Amino acid sequence: MNSRLKKFSETWLIDATISDIQEKLDKDEITSYELVLMYLYRIEKFDKQGPMINSVLEINPDALNIAASLDHERRVKGPRSLVHGIPIILKDNIDTGDKMHTSAGSLVLKDSYAKQDAYVTKLLREAGAIILGKANMTEWANFMTYKMPNGYSSRGGQVLNPYGPGRFDVGGSSSGSAAAVSANFTTVALGTETSGSILSPASQNSCVGLKPTIGLISRRGVIPISHTQDTVGPITRCVKDAAILMSYLAKPDPEDPITLTNPYENINYLNYLERDGLRGVKLGICREKHFEYLNEEKRQIMDKAIKVIEELGGITKDVAIPSINTNWNINVLLYEFKNGINYYLSSIDSSLGVRTLKDIIRINEENPETHLKYGQTILLESEQTSGTLTDPEYLNSLQHDIYYAREQGIDKLLKEEDLDVLIFPNNYGAAIPAKAGYPSITVPAGYTSEGEPVGITFTGRAFSEPLLFKVAYAYEQATLHRVSPKLSE
């Protein structure tokens, strides 16, 4: 790499936002082609050597060519959007109809090429983004076995947390997406969440992560777990970048009918970024069962965060979700995974010999040393269900989850306590909002004395993303906690 780009990649690029990059692109101080080169340099130097973060699973072989074509288009016609020429990495369960594989981190699907783009991939390409590569992830989105460490996949190996490789949990299952953004191997990334899989790695890697309302973003072309809980969402280094991405991703898709419930049309989330966005907002602090996971140092970080919120005009009170002690189970996920994965596999290349969940289990069992380092207990449990969505066990659990997560859960709490937003530490409050299908956003709140990141998470009603962006941006701008990890060769 030439000395100018090497210097850029080791200084300016480390904290560069979408806006910072667009400014240099518009001034012709860099090109998108050079931007991709710089990220490839950092991936080679730090992700595949140095501390070996191991976050990037695959590079798009056409990335440089795509960047060059977008540079030409910028010169001739001008940029298409705020993400024109911006590199983005996608979690490896999001289809790309190109020369990259989509495997959910599994060796079973290591040779699988999607026949077409996922809807979110299509929207990003139309906006002029560069799909730089695929991120490593917890295999099958952490729905393979109860023993799987966050960030491990049979195809990609173990993702490490750039703030403390081998010391701090990297979070799951969008581990590679968050670690790649944090270590700046890409400008931004997409993850997916069923329950905590964006919030967990984002908070553990000192990133901003948005788990949107179910219905805001299409899931078409995403390897599924649960059609009632799955969503795609952005992982970024700042709230503004998440708002930019969401403005292009929150589009209706007739082939994912839940997206037709979105009450907003062509919304620009940048309009909701207000430095005084916390003033007058009523926030409930969900301490019971959630703060109990924190050690004393992390509790103190959260207490300081809450004090800042109050100083910014937020009105807080301690509360508990009414259904917090309800007996929850994962029956909905077990049934919907079997149903959904069988449908997804029916669309991939038949020559791979993987058409059903039973095939995945069989191939894993035939290759235990490479495929089954931690077992496949959840896959077996899912296969043992009928996978039929008229099964009484499934229907009872579905109705239970919806009723106690919404009507007797978050909705009841917000109404009875007259609240706008709930506060949780890290991803520890992810489960009930996930079952409700409600949105959450996590923002860096600081670091322990050892350097482990801590995040504060805000949760709201369905389609309350405008309010969540206001709150998150106000807190972020008042604190500016995020510090990039120091990577060594």
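Here G176 passes the criteria (1) in a helix (DSSP H, G or I); (2) within 19 Å of A445 (Cβ to Cβ); (3) over 8 Å from the mean Cα position of the chain (by Cα) except the one numbered (2). Among the residues of the stretch 6-33, those identified as part of a loop (DSSP other than H, G, I, E, B) and under 22 Å from R482 (Cα atoms) are T11, A16, T17. No other residue among A179, A189 is in contact with a Phe, Trp or Tyr (Cβ under 9 Å, 6 or more places away or on another chain) and crowded, with 24+ Cβ neighbours inside 10 Å apart from A179.
Identification of helices (runs of 4 or more DSSP H) wholly contained in the stretch 56-148 with 3 or more residues that are closer than 16 Å to I43 by Cβ yields 63-77.
For the stretch 290-319, enumerate the residues that are among the basic types (K, R) and outside any helix (DSSP H, G or I). Can you show your working first?
Quick first cut of the stretch 290-319, residues among the basic types (K, R) only: 298-299, 304, 307, 317.
Listed by number, the list holds a single entry, K317.
For beta carbons closer than 8 Å, sequence separation of 6+ or different chains, a first residue in the stretch 449-472 that is touching a residue at least 12 places away in the same chain (Cβ under 8 Å) and among the hydroxyl-bearing types (S, T, Y) and a second that is buried (at least 23 other Cβ atoms within 10 Å of the Cβ) and part of a helix (DSSP H, G or I), the qualifying pairs are T457/L199; T457/S203; T459/I410; T459/P433; T459/L468.
Just to be sure, is E383 of a type in the set (D, E) and buried (at least 17 other Cβ atoms within 10 Å of the Cβ)? Before you say what the answer is, go through the steps one by one.
On the way: of a type in the set (D, E): yes; buried (at least 17 other Cβ atoms within 10 Å of the Cβ): yes.
Answer is yes for this residue.
So, R237, is that one touching a residue at least 12 places away in the same chain (Cβ under 8 Å), closer than 18 Å to V181 by Cβ, of a type in the set (K, R) and in contact with a strand residue (DSSP E or B) (Cβ under 8 Å, 6 or more places away or on another chain) or not?
Details: touching a residue at least 12 places away in the same chain (Cβ under 8 Å): yes; closer than 18 Å to V181 by Cβ: yes; of a type in the set (K, R): yes; in contact with a strand residue (DSSP E or B) (Cβ under 8 Å, 6 or more places away or on another chain): yes.
So R237 passes the test.
All of (1) in contact (Cβ under 8 Å) with a residue 60 or more places away in the chain; (2) within 22 Å of Y269 (Cβ to Cβ); (3) buried (at least 22 other Cβ atoms within 10 Å of the Cβ) hold for A436 with one exception: (1).
Of the candidates E29, E34, E44, the single residue that is surrounded by 16 or more Cβ atoms within 10 Å (Cβ to Cβ) and among the charged types (D, E, K, R) is E34. Checking V421, V454, V471 one by one, the residue that is under 21 Å from Q300 (Cβ atoms) and of a type in the set (V, I, T) is V454 and no other.
Can you go through K307, K251, K317, K298 and tell me which one is surrounded by fewer than 21 Cβ atoms within 10 Å (Cβ to Cβ), without any contact (Cβ under 8 Å) to a residue 24 or more places away in the chain and either touching a Gly at 6+ places or on another chain (Cβ under 6 Å) or basic (K, R) (or both)? None of the others qualify; the one that does is K307.
Here, each number is a calculation from the coordinates, and none is a lab measurement. These numbers come from a predicted model, not from an experiment. Positions of Cβ are backbone-derived with ideal geometry, glycine not excepted, and every protein chain shown enters the neighbour counts.
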